[in-house]
């Protein structure tokens with residue numbers, strides 16, 4: 001769980017990066033006996049059913065090695081108890097159940113305040129972790145690149161800072177006398193917060209260097225005349241399976257939440273309309289989204305998710321076999337909007353996991369997908385439906401480019417160089433007025449040029 005601060009060497013080895021998380025499977029010699037509780041507050045209008053939310057929480061727990069989930073249940077709440085989240089009767093009932101099952105860890109699928117967490121741990125005699133803490137644990141276990149590790153550390157520190165609820169002081173830290181010189185000193189909680197803030201500054205400095213490197217890579221890719229296609233979607237929608245199917249890569253693809261954290265990019269050759277080898281594009285696999293994604297993680301992973309902002313086309317991969325696929329799609333749309341993804345960016349919906357859809361439901365699904373544009377039903381596992389999808393991707397790029405003519409004076413050399421770097425110049429002449437350029441570019445390229 002969340003441990004005291006640990007710092008390590010600041011080199012390029014992700015394994016040696018600073019650690020603020022010590023996950024359950026690292027501290028336990030055997031599997032930690034866990035129990036999942038989903039609080040269902042009657043006064044809030046939830047987007048999804050409580051039972052489905054509980055199932056997702058159990059899947060989250062299963063995604064973290066070293067946990068043995070002994071049971072799970074939905075707890076209906078008429079109101080939130082400020083001190084312990086649940087009422088006294090339910091707290092006592094759960095206490096007896098945890099004792100009977102010898103539970104060591106309770107995962108509460110929701111937000112738990114620091115005081116509530118402390119009180120519940122004291123009452124139940126077990127470790128309590130809320131949804132944000134669990135997702136942080138999973139991310140800490142999965143991050144492999146230096147950037148991913150640093151981002152998780154930064155998110156964990158923000159979370160840990162909010163967990164500092166001690167009210168006592170270290171007497172040895174108090175300044176003597178009447179306090180006329182330096183005041184009464186600082187409490188332990190203030191000292192801890194200052195230590196965390198110092199660590200945050202250091203991590204942000206390290207992450208800034210990594211982000212600069214990523215921006216250099218993006219700048220290099222802009223000079224290559226290949227459009228970027230970003231795979232986005234709810235976690236476990238099958239993005240990595242589709243990525244592997246299209247690129248021949250071997251990205252980890254498992255029936256598990258957050259199997260992919262670090263972004264991966266590969267080249268793909270789209271089919272030509274005449275049956276030959278067509279244009280190339282760059283396919284980007286990104287971290288999966290999830291409902292109630294902790295704000296610390298949204299902020300920390302913004303640099304990674306900015307790959308989506310650079311995309312010329314977004315493929316929104318949906319698990320069409322999931323009972324709440326529409327709700328998951330709404331969550332993804334909200335996160336894309338919060339990232340600032342332009343509404344002008346072309347988007348194709350990919351209804352994945354056809355192989356899991358029952359035959360009677362599949363007929364209706366096929367009928368609905370055929371009647372709408374830019375929606376394609378596929379199975380990334382079997383390869384069904386991929387050819388029409390690839391053809392549609394190629395058509396998007398063919399349709400997106402338009403021809404234009406531009407005259408640039410000679411004092412706009414930077415803009416002139418940018419156009420050539422983007423490979424949008426079809427023909428060029430020059431006279432005393434400057435460069436006369438015939439261009440073929442996408443609306444996104446035109447907008448970027450106008451912003452120079």
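What follows draws every value from the coordinates through simple rules; no lab data is involved. These numbers come from a predicted model, not from an experiment. When we count neighbours, we look across all protein chains shown, and the Cβ atoms used for this are built from the backbone with ideal geometry, even at glycine.
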Sorted by packing (mean other beta-carbon atoms within 10 Å per residue), highest first, where do 438-445, 148-155 land? 148-155, 438-445
Under a plain spin-label model, where a point goes 7 Å from the Cα along Cα-to-Cβ, how far apart in nm are residue 62 and residue 402? 4.9 nm
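Could you list 243, 226 so that the one with the fewest beta carbons within 10 Å of its beta carbon is first and the one with the most is last? Walk me through the numbers on the way to the answer.
Working: 243 26, 226 16.
Ranking 243, 226 by Cβ neighbours within 10 Å, fewest first, gives 226, 243.
Note the full-extension length gain between residue 363 and residue 195 as 0.36 nm times their separation in residues minus their Cα-Cα distance, in nm to one decimal.
Values: separation 168, 0.36 × 168 = 60.48 nm, distance 5.95 nm.
Using 0.36 nm per residue and subtracting the Cα-Cα distance, I get 54.5 nm.
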For the range 78-130, the spread of Cα positions along each principal axis, largest first, Å: 27, 20, 18
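Hey, fewest Cβ within 10 Å first, where do 290, 378 land in order? Could the numbers behind the result be given before it?
Numbers: 290 21, 378 25.
By the 10 Å Cβ count, ascending: 290, 378.
Based on other C-beta atoms within 10 Å, arrange 115, 424, 91 from fewest to most.
On the way: 115 13, 424 21, 91 17.
Ascending Cβ contact count within 10 Å gives the list 115, 91, 424.
What full-extension length gain, to one decimal in nm, is calculated for residue 430 and residue 338 as 0.36 nm per residue of separation minus the Cα-Cα distance? Walk me through the numbers on the way to the answer.
On the way: separation 92, 0.36 × 92 = 33.12 nm, distance 4.40 nm.
So the chain would gain 28.7 nm between residue 430 and residue 338.
Please give the contour-minus-distance gain from residue 415 to residue 375: 0.36 nm per residue of separation, less the Cα-Cα distance, rounded to one decimal in nm. Mind showing how you got there, number by number?
Working: separation 40, 0.36 × 40 = 14.40 nm, distance 3.71 nm.
Separation in residues times 0.36 nm, less the Cα-Cα distance, equals 10.7 nm.
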